[in-house]
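A.B. asks: A single structure is presented below for examination.
Please treat every number below as a calculation from the coordinates, not as lab data. Please read these numbers as outputs of a predicted model, since none were measured by experiment. Note that we place each Cβ from the backbone using ideal geometry, even for glycine, and neighbour counts take in every protein chain shown.
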Amino acid sequence: MHIIADLYECPFEAIDNAKKVESILTAAAEKANCNILNIFSYQFKPQGCTVILTIAESHIAFHSFPEESKAALDIYTCGQNHMPFVILQEAFINFLPGSCKTIFLERFN
């Protein structure tokens, strides 16, 4: 499953801390039964962050634009034992978007 989510109207403080976003996505990936291989995070100045988790099943990528109250989330998992919708739910709970545009792609079907 490949989920592409554009998060709008997010509170600045919810999406502007790379370490906090990393912690949220790491916990979400573990909750979704994903096997984390590597984590990269970068805090932009004066604002914004990028967090990428390489997982055995593919990847989770997050890019924030707090000055515009927006964030982009890409969740791609392969296999049957993983729960990408859990990661999306955790993103909604923690990044608090007022609205969201989401695309769901079934890959290789």
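A.B. asks: When Rg/Rh (Cα atoms, Kirkwood Rh) is calculated directly from the model, which label among (i) 1.07; (ii) 1.38; (iii) 0.95 fits?
C.D. replies: Read-out taken from this structure: (iii).
A.B. asks: Moving to a separate point now. Give the lysines reachable from Lys45 as a straight Cα distance under 21 Å; neighbours fewer than 8 places away on the same chain don't count.
C.D. replies: Counting by Cα, and skipping residues close in sequence, Lys45 has these lysines nearby: Lys19, Lys20, Lys70.
A.B. asks: A follow-up question, please. So what J values fall out for region 36-53 if you push phi through Karplus, 6.51 cos²θ - 1.76 cosθ + 1.60 with θ = phi - 60°, rounded to Hz, Gly and Pro as x?
C.D. replies: 6, 9, 7, 10, 10, 9, 9, 9, 7, 10, x, 7, x, 8, 10, 9, 10, 9
A.B. asks: With contacts defined as alpha carbon pairs under 8 Å and 6 or more residues apart, what's the relative contact order of region 2-105 in percent? All intermediate terms of the calculation are to be shown ahead of the outcome.
C.D. replies: Numbers: 234 pairs, mean separation 42.1, N = 104.
After rounding, I find 40 percent.
A.B. asks: To continue, here is another question. Can you give the helix-only mean residue ellipticity at 222 nm for the chain, where every DSSP H stretch with n ≥ 4 adds -39500 (n - 2.57) and the sum goes over all residues, rounded to the nearest 500 deg cm²/dmol? Write out the running numbers ahead of the final one.
C.D. replies: On the way: 3 runs with 30 residues, N = 109.
Calculated at 222 nm, the ellipticity per residue is -8000 deg cm²/dmol.
A.B. asks: Same structure again: With label points built 7 Å along Cα→Cβ from the Cα atoms of Thr54 and Leu105, find their separation and express it in nm.
C.D. replies: My value for the distance between the label points is 2.0 nm.
A.B. asks: Could you give me the ³J(HN,Hα) list for region 90-106, computed from phi with Karplus coefficients 6.51, -1.76, 1.60 and θ = phi - 60°, whole Hz, x at Gly and Pro?
C.D. replies: 3J(HN,Hα) across region 90-106, in whole Hz: 5, 5, 4, 5, 9, 9, 6, x, x, 8, 8, 10, 10, 10, 10, 10, 8.
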